[in-house]
Amino acid sequence: SPKRPLSRRSSFHTTICVLEGLLAYERAGRKSTAITSARKRGENYLLERRMFRSLGTGEVIDERWLRFSFPTFWHYDVLRGLDYLRNAGIKPDRRVREAIEVVIERRHQNGRWPLNLLHRERIPLEMETAVGSASRWNTLRALRVLRWYDNSR
């Protein structure tokens, strides 16, 4: 018989990848109540945990999630999670407030967001490689997220 996984907990990394896929699938015209329901459960999973905290202890699950990368590949971070919610048309509420504060705090004095983390995975096209330098992609995503949040008030 196949082994069952020991953990019953979901992964933020898996959740964000599946959420993005389900949203794209729905937008391609494949809506169903089962898919929408699954997507809503995944969104609630992130929101219940305020985008980066343990449900049980309230501790930050992984400090790397507070540092923004691009490309993200399969990795979760707070900016990716918030950008997903924005793209999905979720109305921001108090559960994203602390994550929004993380985004604001990451902004450099020059008004841009840096590339905080570079993942080991590689793609043939070199995007951004200078950790600590201003990142066009992180700046774009952060500005979209902050506009989404500000427009909801």
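Just one of [x] 14.3; [y] 11.7; [z] 12.7 is mean projected area of the Cα convex hull in nm² calculated from these coordinates, so which is it?
Structure-derived value, by its label: [y].
Once the mean 1/r over all distinct Cα pairs of segment 78-143 is inverted, what Kirkwood radius in angstroms do you read off?
13.1
Rounded to the nearest 10 degrees, what's the angle between the helix 136-151 long axis and the longest principal axis of the chain, both from Cα atoms, 0 to 90?
Here the helix axis deviates by roughly 70 degrees.
Does anyone have the angle between helix 97-106 and the longest principal axis of the chain? Alpha-carbon axes, 0 to 90°, nearest 10?
It works out to around 30 degrees.
By per-residue mean of other Cβ atoms within 10 Å, what is the highest-first order of 76-83, 43-50, 31-38, 145-152? Please list the in-between numbers first.
Details: 76-83: 24.6, 43-50: 17.4, 31-38: 11.0, 145-152: 15.4.
Listed from highest to lowest mean packing, they are 76-83, 43-50, 145-152, 31-38.
Using the count of nearby Cβ atoms within 10 Å as a rough guide to exposure, how do 143, 85 rank from fewest to most?
Least crowded to most crowded, the residues run 143, 85.
Say we join alpha carbon atoms closer than 10 Å with springs in a Gaussian network model of the chain; which of 97, 136, 120 then has the biggest fluctuation?
120
Laboratory data are not the source of any read-out in this text; all were calculated from the coordinates shown. A quick note: this is a predicted structure, and the numbers were derived from the prediction, not measured. For neighbour counting, all protein chains shown are included, and Cβ atoms are generated from backbone atoms with ideal geometry for every residue, glycine included.
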